[in-house]
Amino acid sequence: MATDTGWPQLRVDDWTGTRESLHQWLQIVGKIELVSTTLINHWWNVTYDISARGLRTQILMHQSNRTFDAEFDFIDSRFVLRADTGDIETVDLKPQSIADFYHAVMGALLKLGVGCTVWAWPNELPQATPFAEDTTPREYDPDAVRAWWRQLQRIEKVFAYWRAGFAGKASPVQLFWGSMDLSCTRYSGRPAPASTSAPPNCPPWVMAEAEDRENVAVGFWSGGSDEGSFYAYAYPAPDGYYEGTLSAGGFDESFGEYILPYSEVRTSDDPEGTLLTFLDETYARAADLADWDRKNLEVNQDRLLHYLPPNDIEEHRQS
């Protein structure tokens, strides 16, 4: 039996109510990012970074000649807004309605002098009740959120290492608030055909911007299996991409993607190695079938070791 690897266990069904609350809170703040930043390809300006305390906005936001940023602090269970004036406003993360959180955040923005108007309804969810009208009491379990965040920290390390092996265009490791998934994407450098997919309550131009270049995307979300799943897909998928077998994970016809259950990674003797194998194999299959210029696009993630003195190399390995 595999030993405890430090990868947290969290059943998807054990935090459904809390996850649904947090998902909409992330969307509210994501929409503030949307109107306070300049569009960067594939919506990279409106995502979240994994931080040492929770999730933080990707880049500086601008309103009324002021700059500000925001962070979901899962340690202290509060949402934090920070302005360049040195002023800080916070909103408690606690059981409350979507409307209560929305009004508290918009009020905090006004206090900081960075008030703005957002598209105030959720995207990529089957029910799109405007935030200000969603007054139903909601759950919030801080321990479950911290466990999920700890999962993301573990996953981010592996995704970042995988990203580092690519010298071509690659996305940051980032959490998208539309589908609440942590992802990373590699690009061939070639254009892609217009996307025809349409998530619920989401205008078609969103996916047109997201998928306008040939890519291989990997990610993690709270779905697909009992403890959530890793996914991988190629867009557009070359002929034969989803045929054959993988060393870890496999094709799931219901999702139309490669899927690797989180529990299989968590309980393996080498979680990081298992996940990295899934990322490498799903990428390599697409890159080979679609004739990507792998020789020039790929790079050795550990090349720093070639430059370090022997003593520094040993310290680096131990870390």
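Brief remarks follow.
- A search for C-beta distances below 7 Å between a residue of the range 176-188 that is closer than 17 Å to N201 by Cα and any residue that is at pLDDT 95 or above and of a type in the set (V, I, T), counting only pairs 6+ apart in sequence or on different chains, returns F176/T47.
- From E243, E298, E257, residue being over 28 Å from G178 (Cβ atoms), of a type outside the set (S, T, N, Q) and touching a Phe, Trp or Tyr at 6+ places or on another chain (Cβ under 7 Å): E298
- Taking the criterion of being within 19 Å of C202 (Cα to Cα) and either β-branched (V, I, T) or open to solvent by 30 Å² or more (accessible area, probe 1.4 Å) (or both), the residues of the range 99-124 that qualify are T117, V118, W119, W121, E124.
- The range 150-181, residues that are more than 22 Å from R303 (Cα to Cα), open to solvent by 10 Å² or more (accessible area, probe 1.4 Å), in contact with a strand residue (DSSP E or B) (Cβ under 8 Å, 6 or more places away or on another chain) and in a helix (DSSP H, G or I): Q153
Table: residues versus (1) in contact with a Gly (Cβ under 9 Å, 6 or more places away or on another chain); (2) open to solvent by less than 70 Å² (accessible area, probe 1.4 Å); (3) assigned to a loop (DSSP other than H, G, I, E, B).
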site	(1), (2), (3)
D226	no, no, yes
G240	no, yes, yes
F251	yes, no, no
E264	yes, no, no
W292	yes, yes, yes
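- Pairs meeting the criteria (first residue in the range 247-272 and more than 29 Å from P236 (Cα to Cα) and modelled with pLDDT of 95 or more, second residue outside any strand (DSSP E or B) and open to solvent by 40 Å² or more (accessible area, probe 1.4 Å), beta carbons under 7 Å, at least 6 apart or on different chains) are R266/Q9.
- Among all residues of the range 16-31, there is none that is open to solvent by less than 10 Å² (accessible area, probe 1.4 Å), over 29 Å from P271 (Cβ atoms), over 18 Å from the mean Cα position of the chain (by Cα) and touching a residue at least 12 places away in the same chain (Cβ under 8 Å).
- Taken together, A192, A147, A210 contain a single residue that is open to solvent by less than 60 Å² (accessible area, probe 1.4 Å) and either over 30 Å from K295 (Cβ atoms) or out of contact with any Phe, Trp or Tyr (no Cβ under 8 Å at 6 or more places or on another chain) (or both), which is A147.
- Restricting the range 277-290 to residues that are among the charged types (D, E, K, R) and touching a residue at least 40 places away in the same chain (Cβ under 8 Å), the residue that is surrounded by the most Cβ atoms within 10 Å (Cβ to Cβ): R285
- Matching residues, the range 134-144, being within 10 Å of S97 (Cβ to Cβ) and either open to solvent by less than 70 Å² (accessible area, probe 1.4 Å) or in a helix (DSSP H, G or I) (or both): D134, R138
- Note on the range 32-58: among residues that are more than 21 Å from N123 (Cα to Cα) and in contact with a strand residue (DSSP E or B) (Cβ under 8 Å, 6 or more places away or on another chain), the one that is surrounded by the most Cβ atoms within 10 Å (Cβ to Cβ) is G54.
The values are calculated or read from the model by the stated rules, or taken from the named source; none is laboratory data. Remember, it's a predicted structure, so these values are computed and weren't measured experimentally. Note that each Cβ is placed from the backbone with ideal geometry, even for glycine, and that neighbours are counted across all protein chains shown. Surface accessibility is based on the protein's heavy atoms, side chains included, excluding ligands, DNA and RNA. Shrake-Rupley method; radii C 1.70, N 1.55, O 1.52, S 1.80 Å.
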